[in-house]
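Following: one structure in structure tokens, then a few remarks.
The values are calculated or read from the model by the stated rules, or taken from the named source; none is laboratory data. As the structure is a computational prediction, the values presented were derived from the model and not from experiment. Cβ sites come from the backbone with ideal geometry, for glycine too, and all protein chains shown count toward neighbours. Side chains included, ligands, DNA and RNA excluded: accessible areas come from the protein's heavy atoms. Shrake-Rupley method; radii C 1.70, N 1.55, O 1.52, S 1.80 Å.
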There are 2 protein chains.
Amino acid sequence: MRHLCGPKSLGAPLVRAYSKNAPIPTQLSFPCVDQTLERTRSLDGGPEPLYDRIVTGYQVYQHPKPLILYWGGVLQGFDLAYETWGELNARKDNAILLHTGLSGSSHARSHGENEKPGWWESFIGPGRPIDTNRFHVICTNVLGGCYGSTGPSSALPGGKGGERYATRFPPLTIPDMVRAQLRLLDQLGIERLHASVGSSMGGMQSLCLASMAPDRVGRVVSISAAARSHPYSIALRHTQRQVLMSDPHWNKGHYYGGVLPHAGMKLAREVATISYRSGPEWERRFGRKRVNPQETPALCADFLIETYLDHQGERFCLQFDPNSLLYISRAMDLFDMSAQRGREARARRLAASEKHEVPLETEDVDIEEVGDGRDGEDVELVRGMSRIHHPTLVLGVQSDILFPHWQQQEIARSLRRAGNSQVTHYELDAEYGHDTFLIDTINVGAAVKGHLEQEPGSVGKIDS
Amino acid sequence: MRHLCGPKSLGAPLVRAYSKNAPIPTQLSFPCVDQTLERTRSLDGGPEPLYDRIVTGYQVYQHPKPLILYWGGVLQGFDLAYETWGELNARKDNAILLHTGLSGSSHARSHGENEKPGWWESFIGPGRPIDTNRFHVICTNVLGGCYGSTGPSSALPGGKGGERYATRFPPLTIPDMVRAQLRLLDQLGIERLHASVGSSMGGMQSLCLASMAPDRVGRVVSISAAARSHPYSIALRHTQRQVLMSDPHWNKGHYYGGVLPHAGMKLAREVATISYRSGPEWERRFGRKRVNPQETPALCADFLIETYLDHQGERFCLQFDPNSLLYISRAMDLFDMSAQRGREARARRLAASEKHEVPLETEDVDIEEVGDGRDGEDVELVRGMSRIHHPTLVLGVQSDILFPHWQQQEIARSLRRAGNSQVTHYELDAEYGHDTFLIDTINVGAAVKGHLEQEPGSVGKIDS
């Protein structure tokens, strides 16, 4: 019985005809592939991008001087798109700067110039978690974005006939985004914010601002963020970038005016969506439901969860600039509050300042690190967080795999070790994973409102 | 100061030259993209696939009759590759059937005919967790695979000149794989296995076999598996399939003899690797290390974790047949032990049996469901598990996101509700995520060994 065979030989296919009625193998159909091919073959280059017209009604701050970036690159001035809600008081001390996630625009809430709902529509307004009866709320599109701020889709300085930066845009970081925001605050005459508030990448910016310019902010809110990106999140963003860059239409970033890398963007967004919605919500919402339960399963989308993902990808891929996605996603990877990273960046920026004869900003001068860590490897992180002495709300979600609960603990622990006695850390058991901050107005909103509105003097203090 | 702008106009680029020394924007380089282009352009069609020669020294069972599949498809006979270790005793009651994960071959351990280490090398052998001094171990390449068993890369029945099934292969499920294995056991004269053992997809097969043919197995081991796939895992596999099918070289599955969908396979594996290694291991192993910390960050691989992922993808993409990946990954999505799924499948198979004049196998006859659930929606799952009355080890890993701990609880709970009083459920705090079953010989191995070797009569029983 025992016989050893090599691999199956294709030269001698088995010929078996035990049943004359046995069906001839039939070719499966692939509507998902046909759709992509159809789009690519279309003579007019396929659908037009919408990202440069989808957000309107914002204001633009035009910074008139060069900006030296964290990795030593230089921007010859920049634009920063922003929107505001609520009145700035006479003392200019009721402003809240709201930071966005990766793909957010300045349109956090609807207003007269743009009545479409914003990405934090129900969080902002009279009586809302960010109460516009009390506060003047400012939200910017980040540097590197595609909704009005300077980014890879912006005109190349000195370029001809609508030429864009594309992948000639210099490498970008979270501190660069914050530095640009500080220049906007200078222009608006806002010396000191009531609070810096952000979720996800916005939480990184929020922490970064408090560290970079501690005298310019009163309170800090960091929701589902991190003090430094962990390898699992870098891996998730890596695959998204790889998927996008593998689309031949991406063309090393030079697709403007040509065919968009539609398939790559769609796939990148599908991968991203999985990491954004890691909670048990899908179990309840989609379960194992198939679109057509009685039909033979297909290899293209068949389960409801698959059509949902396809839809999310499809919807996103014209709404965001692919190069902005690459640059900003890499900026998230590079985020690290550790003190030695800051020292290295200052050295690079100083060298670039001398080389290009561009002065550095005031917040680069006399950065003094205080505090110290106790665990060996965390010392530099604790040092890097030591300028954040403000009342700080750290809010995390248990079902978040992209910015998991242990990263929220890391923020809170590092701040406390650096001597901050005004840290509030909540862990929320919401079911939406990372995206909870966009959805759960009640639980996320209450924590934010409480932190922003608590009386000065009592915020962050404990009776003892 | 307040001025409302439309989106930035590209017709009038900003012309700013504040610093004459400011650097001209430079183009980033993309070695990762160049590599893919180079490979695709190569005249000889790029590297040859290795999967049809990478595994050798197996035996092949050639099933001489048609097999009716779960979704009503028919295979005109099939091959099943298998390897064995240890001696089958005279009573033929010491056999253990070992089931593989998605991409596993029959080569679980080295032997005289193939001295390369197998995928469970350290788990099998004299004195090992699966002790070959006691047991006769059988491992098969699954139906649908590419390591010697019939699958999409096999010759198309009646096809000409090496034509393959490709995507004419009928839709496949876990029960189909198990049914094929039972035919091999028939041939080997093994009436009743000592145990059915599997991890990941292999755990699904292990549960499925015990339910489909309860009299043919004594003990069951299910490691990091599921009683039914949850939407998050379907989503993860969906993106892998989409990424692969988006590679133009995939060509709806008809790439044999042409250029392989190398880029698509590589990317699919990168996405998969993230879901396989969800544990804290990466934090310790890679942390935030960059390949060249002093260099300006790139958009291609830059962090160590990225080069690791690229390497994993690169290594895999010639070692597995892309169509096998699609079919087997879909089979995992479709896995559902719920009783109503079984009833539907039997009706379809009965219809196909009559239509094609092919008799059904014995285990299709007289399947009686016993037991009952208490939670409304789980009733069908409990019913579907009710034939698994065997001593069953359910082992899960806390850091697994693909087959998370709550799915292990679901298996154990459903079995107990169906009346099984011999369920052992361990939750392991290993750091490797889903892949722990491939790595952690000590902790996974001890649980397996204990369950397999416990005296009959005491296994699964508690003194009371």
Whichever residue in region B:151-190 is more than 18 Å from B:Leu80 (Cα to Cα) and part of a loop (DSSP other than H, G, I, E, B) and, among such residues, is most open to solvent (accessible area, probe 1.4 Å): B:Lys160
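Identify, from the list A:Arg315, A:Arg284, A:Arg228, the residue that is at pLDDT below 95, open to solvent by 10 Å² or more (accessible area, probe 1.4 Å) and in contact with an Asp or Glu (Cβ under 8 Å, 6 or more places away or on another chain).
Details: A:Arg315 fails: in contact with an Asp or Glu (Cβ under 8 Å, 6 or more places away or on another chain); A:Arg228 fails: at pLDDT below 95.
From the options A:Arg315, A:Arg284, A:Arg228, the qualifying one is A:Arg284.
Out of all the residues in region B:189-207, which are hydrophobic (A, V, I, L, M, F, W, C) and touching a Ser or Thr at 6+ places or on another chain (Cβ under 9 Å)? Even if it seems obvious, please write down each step before you answer.
Applying the first criterion (hydrophobic (A, V, I, L, M, F, W, C)) to region B:189-207 yields B:190, B:193, B:195, B:197, B:201, B:204, B:207.
Passing the criteria: B:Ala195, B:Val197, B:Met201, B:Met204, B:Leu207.
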Which condition from (1) at pLDDT 95 or above; (2) more than 30 Å from A:Trp282 (Cβ to Cβ); (3) not assigned by TED's automatic domain parsing to the domain that holds B:Thr132 is the one that B:His249 breaks? (1)
Residue set A:Thr84, A:Thr56; condition within 10 Å of chain B (Cβ to nearest Cβ), over 22 Å from A:Ala155 (Cβ atoms) and in contact with a strand residue (DSSP E or B) (Cβ under 8 Å, 6 or more places away or on another chain); output residue A:Thr84
All-but-one check, B:Arg91 against (1) within 18 Å of the chain's Cα centre (by Cα); (2) farther than 20 Å from B:Arg164 by Cα; (3) more than 14 Å from chain A (Cβ to nearest Cβ); (4) not β-branched (Val, Ile, Thr), failing number (1)
Across region A:136-150, the tally of residues that are under 30 Å from A:Gly450 (Cβ atoms) and open to solvent by 10 Å² or more (accessible area, probe 1.4 Å) stands at 1
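Can you tell me which residues in region B:205-224 are of a type in the set (A, V, I, L, M) and in contact with a strand residue (DSSP E or B) (Cβ under 7 Å, 6 or more places away or on another chain)?
If we filter region B:205-224 for residues that are of a type in the set (A, V, I, L, M), which is where we start, we get B:207, B:209-210, B:212-213, B:217, B:220-221, B:223.
Matches in region B:205-224: B:Leu207, B:Leu209, B:Ala210, B:Val217, B:Val220, B:Val221, B:Ile223.
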Cβ-Cβ below 9 Å, separation at least six or inter-chain, first residue in region A:89-102 and farther than 18 Å from A:Ala331 by Cβ, second open to solvent by 60 Å² or more (accessible area, probe 1.4 Å): which pairs? A:Lys92/A:Glu191; A:Lys92/A:Arg192; A:Asp93/A:Glu191; A:Asp93/A:Arg192; A:Asn94/A:Glu87; A:Asn94/A:Arg134; A:Ala95/A:Arg192
Matching residues, region A:109-122, being surrounded by fewer than 24 Cβ atoms within 10 Å (Cβ to Cβ) and hydrophobic (A, V, I, L, M, F, W, C): A:Trp119
Run B:Asp215 past the list (1) more than 14 Å from every other protein chain (Cβ to nearest Cβ); (2) in contact (Cβ under 8 Å) with a residue 40 or more places away in the chain; (3) within 23 Å of B:Pro456 (Cα to Cα); (4) not aromatic (Phe, Trp, Tyr) and report the number of the one that doesn't hold. (2)
Odd one out for B:Thr296 among (1) buried (at least 19 other Cβ atoms within 10 Å of the Cβ); (2) facing chain A (nearest Cβ under 8 Å); (3) under 30 Å from A:Glu344 (Cα atoms): (1)
I'd like to check something: does region A:204-222 contain any residue that is buried (at least 24 other Cβ atoms within 10 Å of the Cβ), of a type in the set (Gly, Ala, Ser) and within 18 Å of the chain's Cα centre (by Cα)? yes
Give the number of residues within region B:250-269 that are outside any helix (DSSP H, G or I) and either β-branched (Val, Ile, Thr) or at positive phi (or both). 2
Output the number of residues of region B:231-276 satisfying the condition of being free of Cβ contacts under 8 Å to residues at least 12 places away in the same chain, more than 7 Å from every other protein chain (Cβ to nearest Cβ) and buried (at least 23 other Cβ atoms within 10 Å of the Cβ). 0
Within the set of pairs 6+ apart or on separate chains, which have a first residue in region A:395-422 that is within 12 Å of chain B (Cβ to nearest Cβ) and within 15 Å of A:Ser233 (Cα to Cα), a second that is open to solvent by 30 Å² or more (accessible area, probe 1.4 Å) and in a helix (DSSP H, G or I), and C-beta atoms under 7 Å apart? A:Leu402/A:Tyr276
Which numbered condition B:Ser200 misses (of (1) in contact (Cβ under 8 Å) with a residue 24 or more places away in the chain; (2) open to solvent by 20 Å² or more (accessible area, probe 1.4 Å)): (2)
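Test A:Ser105 against the criterion of being within 22 Å of the chain's Cα centre (by Cα), farther than 26 Å from A:Leu452 by Cα and part of a loop (DSSP other than H, G, I, E, B), and give yes or no.
Details: within 22 Å of the chain's Cα centre (by Cα): yes; farther than 26 Å from A:Leu452 by Cα: no; part of a loop (DSSP other than H, G, I, E, B): yes.
No; evaluated as a whole, the condition is false for this residue.
Does region B:331-351 hold any residues that are assigned to a helix (DSSP H, G or I) and open to solvent by 10 Å² or more (accessible area, probe 1.4 Å), and which are they?
Going residue by residue through region B:331-351, those that are assigned to a helix (DSSP H, G or I) are B:331-334, B:339-351.
Once the filter is applied, which keeps residues that are assigned to a helix (DSSP H, G or I) and open to solvent by 10 Å² or more (accessible area, probe 1.4 Å), region B:331-351 yields B:Leu334, B:Gln340, B:Arg341, B:Gly342, B:Arg343, B:Glu344, B:Arg346, B:Ala347, B:Arg348, B:Leu350, B:Ala351.
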Within region B:299-312, how many residues are buried (at least 23 other Cβ atoms within 10 Å of the Cβ) and of a type in the set (A, V, I, L, M)? 3
Which pairs do you get when a residue that is within 20 Å of A:Gln35 (Cβ to Cβ), found in region A:283-302, comes within reach of a residue that is open to solvent by 70 Å² or more (accessible area, probe 1.4 Å) and not in a loop (DSSP other than H, G, I, E, B), reach meaning Cβ atoms under 6 angstrom, with the pair 6+ apart or on two chains? A:Cys300/A:Pro31
